[in-house]
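Q: Below is the structure I would like to discuss, written out as structure tokens.
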Amino acid sequence: MAIRQESPGRWHGELPASPWLDEIVDRIDADLRVLTVLLTGSWAHGMATEHSDVDLIVVLSRDELSSRRFSHGVVDVHTVTLERLRHIPPEPGRWWDRYFYCRARPVLDHTDGHVPSLVTAWACLSPPEVFACIDFHLEGYLHYLYRSLKSHRESRARLARLDACESLPWALALAFGAHGRVRPINKYVAWELEHHPIEEPGWSAGEVMGLIEAILDTGDADAQRTLFGLIERKTRQLGFGGVIDSFAGVQTLRG
């Protein structure tokens, strides 16, 4: 059980100055349900500009809803209950919000580190979650990749590009998930690869982003096969070679 403890001092001093933020801070200080405040988004990533919102996750001891979101000027606040934070959904299809907790930084904590430790679990994948991630995404990725390459072979360029673009979310989930990481939202894919690189051949930020750009631009078949080769190598290492070998169009994937 997380017991709220008082945290003396001006906790919001590291946040950007804003009259909108001052109002939010006053509301947070007056709300006895508040356990932890996390800074996330562009400010936590060191990417903020004059146009960036201030993104905060406020963890509450209780609420009538498990989570909600509201904006106040340049401040975007997402509230979540402690109970919800304690239970990561087991299904990878429900992990759409896990990246919000990656790189999140506590700026106020009344729980002596309890809530930040829960946040750490949301921000990376455990070994069973790695298995679940690959199991969920691999066949979908192979399907869209195959459809794109088959359309290339049949000179259907627009269809090839459409399916190539469809394959990328599945590919990114596999690329990061197979390395024990939560798939970033698109804005932070390059940032993650640059600042927290995957230390394996072929996975540098420049190489991966080059492949992604070629796939988005034209559905380039060679780029798709190169990305597939990287994903195949890693997923085989993790025991999923049988899924790839049993896929009906595997020869098309390899060219």
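The values are calculated or read from the model by the stated rules, or taken from the named source; none is laboratory data. Model, not experiment: these values are computed from the prediction. Quick reminder, even Gly has a Cβ in these numbers, built from the backbone with ideal geometry, and neighbours come from all protein chains shown.
Q: Please give the number of the condition Arg84 fails out of (1) modelled with pLDDT of 85 or more; (2) within 30 Å of Ser126 (Cα to Cα); (3) of a type outside the set (A, V, I, L, M, F, W, C); (4) exposed (fewer than 13 other Cβ atoms within 10 Å of the Cβ).
A: Of everything listed in (1) modelled with pLDDT of 85 or more; (2) within 30 Å of Ser126 (Cα to Cα); (3) of a type outside the set (A, V, I, L, M, F, W, C); (4) exposed (fewer than 13 other Cβ atoms within 10 Å of the Cβ), Arg84 misses just condition (4).
Q: Here is a follow-up. Any chance the stretch 143-160 includes a residue that's under 30 Å from Ser42 (Cα atoms) and either in a helix (DSSP H, G or I) or in contact (Cβ under 8 Å) with a residue 40 or more places away in the chain (or both)? Outline the logic, then answer.
A: Taking the stretch 143-160 as the starting set, the residues that turn out to be under 30 Å from Ser42 (Cα atoms) are none.
Within the stretch 143-160, not a single residue is under 30 Å from Ser42 (Cα atoms) and either in a helix (DSSP H, G or I) or in contact (Cβ under 8 Å) with a residue 40 or more places away in the chain (or both).
Condition check ((1) touching a strand residue (DSSP E or B) at 6+ places or on another chain (Cβ under 8 Å); (2) assigned by TED's automatic domain parsing to the domain that holds His152; (3) of a type outside the set (A, V, I, L, M, F, W, C); (4) under 30 Å from Gly41 (Cβ atoms)) across all residues:
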position	(1), (2), (3), (4)
Lys187	no, yes, yes, yes
Glu192	yes, yes, yes, yes
Glu207	no, yes, yes, yes
Gly210	no, yes, yes, yes
Glu213	no, yes, yes, yes
Asp217	no, yes, yes, yes
Gln224	no, yes, yes, no
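Q: If a residue must be closer than 16 Å to Ala104 by Cα and at pLDDT 80 or above, how many such residues does the stretch 11-51 contain?
A: Residues in the stretch 11-51 being closer than 16 Å to Ala104 by Cα and at pLDDT 80 or above: 14 in total.
Q: Would you check if there is a residue in the stretch 177-185 being buried (at least 21 other Cβ atoms within 10 Å of the Cβ), modelled with pLDDT of 95 or more and in a helix (DSSP H, G or I)?
A: yes
Q: Tally the residues that are closer than 30 Å to Ser167 by Cβ and either in a helix (DSSP H, G or I) or more than 17 Å from the chain's Cα centre (by Cα) (or both), restricting the search to the stretch 107-142.
A: Selection size over the stretch 107-142: 18.
Q: Answer yes or no as to whether Ser155 is assigned by TED's automatic domain parsing to the domain that holds Thr81, surrounded by fewer than 17 Cβ atoms within 10 Å (Cβ to Cβ), over 17 Å from Ala223 (Cβ atoms) and modelled with pLDDT of 95 or more.
A: no
Q: Say whether the condition of being in a loop (DSSP other than H, G, I, E, B), free of Cβ contacts under 8 Å to residues at least 40 places away in the same chain and hydroxyl-bearing (Ser, Thr, Tyr) is met by at least one residue in the stretch 231-246.
A: yes
Q: Restricting attention to the stretch 227-249, report how many residues are in contact with a Leu (Cβ under 8 Å, 6 or more places away or on another chain) and either more than 16 Å from Leu138 (Cα to Cα) or among the hydrophobic types (A, V, I, L, M, F, W, C) (or both).
A: 7
Q: Can you list the helices (runs of 4 or more DSSP H) found entirely within the stretch 10-87 that contain at least 1 residues being of a type in the set (Ser, Thr, Tyr)? Before you say what the answer is, go through the steps one by one.
A: Working: elements: 19-30, 41-45, 82-85.
Counting at least 1 such residues, we get 41-45.
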